[in-house]
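Q: Quick one: the structure is below, and I'll ask about it shortly.
The values are calculated or read from the model by the stated rules, or taken from the named source; none is laboratory data. Computed from a predicted model, the values in this text were never measured in an experiment. Surface areas here come from the heavy atoms of the whole protein model, side chains and all, with no ligands, DNA or RNA. Shrake-Rupley method; radii C 1.70, N 1.55, O 1.52, S 1.80 Å.
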Amino acid sequence: MNLYLFSFWCYNLGGYELVDERSNRRLKIAAYCRVSTDKDEQLDSLEHQKQFFSEYAEKNGHELVCLYADEGITGTSLKKRGEFLRLMKDAKLGLFEAVVVKDISRFARNTVDFLQSIRELKSLGINTMFITANMESLGESEFVLTIFGAMAQEESANLSKRVKFGKKINAQKGRVPQRIFGYDRIDNFTLAINYREAQAVREIYRLYLDEGLGCRTISLELNRKHWTTKFDCDWNPRAVRRVLTNPIYCGHYVNHKYEIEDYLTGRQVHIPEEDHFHHDRPDWAIIAPEIFERAQTQLNSRRAQYDCGEPFKGARYSTKHLFSTLIRCEHCGRSFCQKHYTYVNTRVYWKCTTNDQFTAEKCDNTVKLEEADLLTEFQAYFASLISDKDAFVAGVLADIEKHRPYEQAPYDKAKIEQRQKELLMKKGKYQEMYANDVMTMTELKAKTASIIEELQSLDYDLKCYERSLEVRQDADHFIEQYMQEIERFLRLENVTNVDLRKIIDHISVNKDGNVRVILRNLDDIDVV
C-alpha cells in the first residue's frame, strides 16, 4: 500500500520540516542536487547543497540513504547526468522511499524529462518532494507540477537567449577559445604564441606541402616524435586537418562559426560564412599567409582529384600504402585499393575500388595489378630514362616547343615591338588632328578603335612570348632536378608512396589492362 503523505510549512530555525501525519515513521530518503557549471563558486554551492540535505534528514528524523550530485552538468537533458540516471536505477531496486530535491529547476529544466521522471518514480511508489516549493509528486496535481516544470524550462530558455547574445557580442570583439593548439590564452581576447607547439604547427605544414604527406601519415609522424596535442593526447588525421584549415595560424582569426540550435538538445549548427566575424591579428601568425594559401590550394586540389562525387563522395588523398590514391580507374575515376591474398605466400595486389565493392554493377574494370611486378616495371622504365637521357631531354624540349609557338621564331619579338611603335604613331597623329579641330570626337573614336584593339592583341602576344622564354629557361633546371629524383628513386631499397609522387602524377588503368604512367608535370607517356 502506497504511503500518502501530507506536507505543511513549519518554521523551525529557518528550515522546512516534512511531517508524515499518518505514522510519523522514519523514511529512507535520497537527495538529488545539481550545479550547472564546474566553476569554483558553483562547486562551493554544491557543497552547501550537500550540507543542507544532511541537516534536513537529521532534523526531520529521516535516514539519508544516498546523496546524488551532478557537477558541471546542464539541467536541460538527462542523458549526460550520470548521477541522476543512477538515482533512477537505484529507485527500481527499492533502495529508498522518497526523493528530496531543493528546487524543481535542480531536478530538471526540461518539462518532458521532468514529468517522465516524476511518473516513473510514482509508478514505483516513490514520492518526490520539492522543499522550497512545498510540493510533492504524490500529494499534488500533475497540472500544478507541469506548470512549475514549464516555468523552469522557460527560465532555461531565457537564459539560453541571454548567453547566445552575450557570446555573439564577445565574438564581435574577438573573444578567443579556452584552448587552441599553438597558443597560450592570456585573457578572453588575447593569445600568446606557444613556441613549442608552434614548432609542431610549422612541421605539419612542412610535411604536408614539401613532403606531400597526407593527414594520417602526418599524425603518425608527430606521434613518432612524441609530440602531443593541447590535451596531451596522440595526434589523429582530424586534428591535423584542423591545423591545416585554421587561418589563425597565418594571423587571421575567424570566430562565430557555430551556435547552439536547440538549448534542450545542445545541438550545434554551422553559421553561414557571411555571418562569421574576422579579426586580423598578424602578431599571432606562426606561418606566412602565402604558406596557408598554398595549403588551402593543395587541400582543394586533393579533394577535387580524389572525391569522385556520389555515390563515392568523401574519398581522400592518402599515402598509407605504396600506391595509395596513385592508381586510377579510367572508367569510374576512383582509385585502386590494396588487397591481400594468402595461400602459401601472401600476394599484394591492387584493383578498382568500385569493382571491388559493387562488382560489374558500377564498374567492369576487373584488372588486378601485382604490387611487386608493378614496382619492378617502374624501376626498369626509370632506369631506361637514365640510360637514354638525351632522348628524354629532347622529348621534353619538343613538348615545350609544341605548346609554345613563339619560341620557334625568336625575331617575332622585334616584329611585335616594331608594329606597336607604328600603331602608336598613327594613333598620335589622329589625336593631333582632333586637337587642331580637323576631326570630331566621333571621327577620332572611329579611327582609333581598330588601333586600340590591335595594340591590346599585340600586348597579349608579347606577354605570351615572354612567358615562353621563361618556361624554356626553366626547362633545363627542371629536367636536371627530375633526373636527380629518378636516380635517387633507383638507389632506394625501400620505396614509399611519397617517393613515387616525386616522379609520377598518377597511373591510369583501363579494363583492357593498359597501364599508363603520367609523369609529374609532363604529358602522358605510355610505359606498358
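Q: Beyond 32 Å between alpha-carbons counts as too far, so tell me which of K415/K502; K225/K339; K59/K122 fall in that bin.
A: Details: K415/K502 41 Å; K225/K339 30 Å; K59/K122 25 Å.
Long pairs (Cα-Cα over 32 Å): K415/K502.
Q: Please list, ordered by chain and number, the residues whose modelled amide H lies under 5 Å from the amide H of H252; skip anything fewer than 5 residues away on the same chain.
A: Hits under the 5 Å cutoff: R281.
Q: Let me ask something else about it. Under 5 Å between amide hydrogens, which residues at least 5 positions from Y183 or on another chain qualify, with H placed 1.01 Å from N in the peptide plane?
A: Amide H neighbours of Y183: N194.
Q: Could you put Y460, Y205 in order of accessible surface area, largest first, with the 1.4 Å probe and the full protein assembly present?
A: Details: Y460 145, Y205 5 Å².
Ranked list, largest accessible area first: Y460, Y205.
Q: Cα-Cα over 27 Å: which of K102/K257; K28/K89; K92/K164; K230/K320; K102/K167? Numbers along the way, then the final one.
A: Values: K102/K257 38 Å; K28/K89 16 Å; K92/K164 39 Å; K230/K320 25 Å; K102/K167 30 Å.
The answer is K102/K257; K92/K164; K102/K167.
Q: Considering amide H positions built from the backbone, and no H for Pro or chain starts, which residues 5 or more places from C66, or on another chain, come under 5 Å of its amide H?
A: A31
Q: In whole Hz, what ³J(HN,Hα) sequence does region 275-288 give by Karplus (6.51, -1.76, 1.60; θ = phi - 60°), x for Gly and Pro?
A: Karplus values, whole Hz, x for Gly and Pro: 9, 5, 9, 10, 9, 7, 10, x, 6, 9, 5, 9, 10, 6.
Q: A further question follows. Just to check I understand the Karplus step: with θ = phi - 60° and J = 6.51 cos²θ - 1.76 cosθ + 1.60, what whole-Hz values come out for region 214-227, glycine and proline as x?
A: Per residue, the Karplus-derived 3J(HN,Hα) values read x, 4, 5, 5, 5, 4, 5, 5, 5, 5, 5, 7, 6, 8 Hz.
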